[in-house]
Amino acid sequence: MQPTADFDPARLARSLLRRSRQGALATLSAGSGDPYCSLVNVASHPDGSPILLISRLALHTKNLLADNRVSLMLDERAAGDPLERARIMLAGRAEEAPEAAIDLLRRRYLNAHPSAEAFAGFKDFSFFQIRPTGAHLVAGFGRIVDLKPEQFLTAIGDAAALLEAEPGAVAHMNEGHREAMNLYATRLLGAESADWTCTGCDPDGMDMQAGGKTLRLDFPERVTSGTELRKMLVRLAGEARAKE
């Protein structure tokens, strides 16, 4: 089925990846190969791929260590009939984070799930990143499409300076610019006023969270450095204030 003219599947897929905090993880049972599905918490890498923090005692972890092929279903978790809301199924492989990547994955995951700090350091828990090989997006009649990774993941090859600046930028926004965060949410994204915080930035946008609610603030242009990010956030704050 082809998407309708007013439907941007890649943008919706990226939004679901960034906003989702829980998903259904499907693995292949070790030994039998039977399908097995479990509920997991998720966060997103700067490129948009899902991050998991899972215990080696869990059956799904034992499964993917034997065969790392997985699928992950994410949905909007909104009120009403869930089949009337958008959802995405990612297919890919779950890879345990190498030592060099753990700090980044840990920071991104704990920004999204602060309560996980209590067990993130346990020896049986490890960070995994799902490397998607494709996705199936369903967003209603006429809005069903298969996507390739390059259509929904964010390119970060040119954004080393931004990734280096991101931790400081997130802390700066959360410590001194909660008013601006609320302006982004209410005046640019149409959300209700709340104690919105920044959980991450990437070349395409910023992720925001207030309790169990999440938002994605897309940037009108890519940013690839800390300086460009600061200018973009100042610009968007000005646009939000102009909407008074």
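Listing for the model above:
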| quantity | calculated |
| --- | --- |
| Test: residue in the stretch 97-109 that is of a type in the set (Ser, Thr, Tyr) and not in a strand (DSSP E or B) | yes |
| Test result for ASP47, charged (D, E, K, R) and within 15 Å of the chain's Cα centre (by Cα) | yes |
| Any pair with Cβ under 8 angstrom, 6 or more apart, that starts in the stretch 163-186 at a residue that is farther than 17 Å from ALA210 by Cα and touching a residue at least 60 places away in the same chain (Cβ under 8 Å) and ends at one that is outside any helix (DSSP H, G or I) and of a type in the set (S, T, N, Q) | ALA165/SER225 |
| Filtered residues of the stretch 134-148 (kept if touching a residue at least 40 places away in the same chain (Cβ under 8 Å) and either part of a helix (DSSP H, G or I) or of a type outside the set (D, E, K, R) (or both)) | GLY134, ALA135, HIS136, LEU137, VAL138, ALA139, GLY140, GLY142, ILE144, VAL145, LEU147 |
| Criterion: within 14 Å of GLY23 (Cα to Cα) and either in contact with a Pro (Cβ under 9 Å, 6 or more places away or on another chain) or at pLDDT below 95 (or both) - qualifying residue of ALA86, ALA79, ALA120 | ALA86 |
| Within the stretch 1-27, tally of residues that are farther than 29 Å from ASN111 by Cβ and touching a helix residue (DSSP H, G or I) at 6+ places or on another chain (Cβ under 6 Å) | 1 |
| Matching residues in the stretch 35-73 - criterion: being farther than 25 Å from ASP146 by Cα and either touching a Leu at 6+ places or on another chain (Cβ under 8 Å) or not hydroxyl-bearing (Ser, Thr, Tyr) (or both) | LEU53, ILE54, ARG56, LEU57, ALA58, LEU59, HIS60, LYS62, ASN63, LEU65, ALA66 |
| Index of the failed condition, ALA112 passing every other in (1) among the hydrophobic types (A, V, I, L, M, F, W, C); (2) open to solvent by less than 20 Å² (accessible area, probe 1.4 Å); (3) farther than 24 Å from GLN209 by Cα | (3) |
| Qualifying position, being open to solvent by 40 Å² or more (accessible area, probe 1.4 Å) and either touching a His at 6+ places or on another chain (Cβ under 8 Å) or under 21 Å from ARG21 (Cβ atoms) (or both), among ARG106, ARG93 | ARG106 |
| Test result for ILE130, touching a helix residue (DSSP H, G or I) at 6+ places or on another chain (Cβ under 6 Å), open to solvent by less than 10 Å² (accessible area, probe 1.4 Å) and not hydroxyl-bearing (Ser, Thr, Tyr) | no |
| Strands (runs of 3 or more DSSP E) (entirely within the stretch 1-70) containing at least 1 residues that are open to solvent by 40 Å² or more (accessible area, probe 1.4 Å) and within 26 Å of GLY140 (Cβ to Cβ) | 22-28, 35-41 |
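The values are calculated or read from the model by the stated rules, or taken from the named source; none is laboratory data. Being a predicted model, the structure only gives us computed values, none of them experimental. All Cβ positions, glycine included, derive from the backbone under ideal geometry; neighbour counts span all protein chains shown. Accessible surface areas use protein heavy atoms only, side chains included; no ligands, DNA or RNA. Shrake-Rupley method; radii C 1.70, N 1.55, O 1.52, S 1.80 Å.
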